[in-house]
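Here is the structure we will look at, set down as structure tokens.
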Amino acid sequence: EKPGAMLVQNGEINAWRDLKKDEKAREEKDEIRAALNYYTSNLNFDPDRFSLTGTKEEKSKLIRADSVPDVRSVIASDMGLRYLLRNDVLTACDDARAELKYLLKLQDGG
């Protein structure tokens, strides 16, 4: 084994641990973030199959062109979309909290 590879791997493991620790701290402050993370971490996918959605024409076109995506890419795409939507929800909640805080400060005369 190469010593440099081990250092890189240990660095990645440490970075992952730090990210998980930071996310846990954010979850303790934000119940919505915790709920969305819990939902995402408990999703289960069948690695052998998926349902192709779309119109009959779209499905036929994909099949004829041998362009039906593989299961891995479908799962990755689905997870990516879920994370984007999760982040949109969290951003909207943060914006709403900031707006409420600002309005309460104005109401109190400050």
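The values are calculated or read from the model by the stated rules, or taken from the named source; none is laboratory data. For clarity, every value in this text was computed on a predicted model and none was experimentally measured. Cβ: placed from backbone, ideal geometry, glycine included. Neighbour counts: every protein chain shown. Quick note on the areas: whole protein, heavy atoms, side chains included, nothing else; ligands and nucleic acids left out. Shrake-Rupley method; radii C 1.70, N 1.55, O 1.52, S 1.80 Å.
Key figures for this structure:
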{"read-out": "Every residue from the stretch 76-94 that is touching a residue at least 60 places away in the same chain (Cβ under 8 Å) and aliphatic (A, V, I, L, M)", "value": "Leu90"}
{"read-out": "Conditions (1) among the charged types (D, E, K, R); (2) modelled with pLDDT of 85 or more; (3) open to solvent by 70 Å² or more (accessible area, probe 1.4 Å); number of the one not met by Lys2", "value": "(2)"}
{"read-out": "Some residue of the stretch 7-26 being among the aromatic types (Phe, Trp, Tyr), under 14 Å from the mean Cα position of the chain (by Cα), surrounded by 10 or more Cβ atoms within 10 Å (Cβ to Cβ) and assigned to a helix (DSSP H, G or I)", "value": "no"}
{"read-out": "So Leu106, is it surrounded by 10 or more Cβ atoms within 10 Å (Cβ to Cβ), without any contact (Cβ under 8 Å) to a residue 24 or more places away in the chain and either over 11 Å from the mean Cα position of the chain (by Cα) or closer than 25 Å to Lys20 by Cα (or both)", "value": "no"}
{"read-out": "Search result, residues across the stretch 59-81 that are open to solvent by less than 100 Å² (accessible area, probe 1.4 Å), part of a helix (DSSP H, G or I) and out of contact with any Pro (no Cβ under 7 Å at 6 or more places or on another chain)", "value": "Lys59, Ser60, Leu62, Ser73, Val74, Ile75, Ala76, Ser77, Asp78, Met79, Gly80, Leu81"}
{"read-out": "Tally, over the stretch 35-58, of residues that are loosely packed, with under 10 Cβ neighbours inside 10 Å and more than 20 Å from Lys20 (Cβ to Cβ)", "value": "10"}
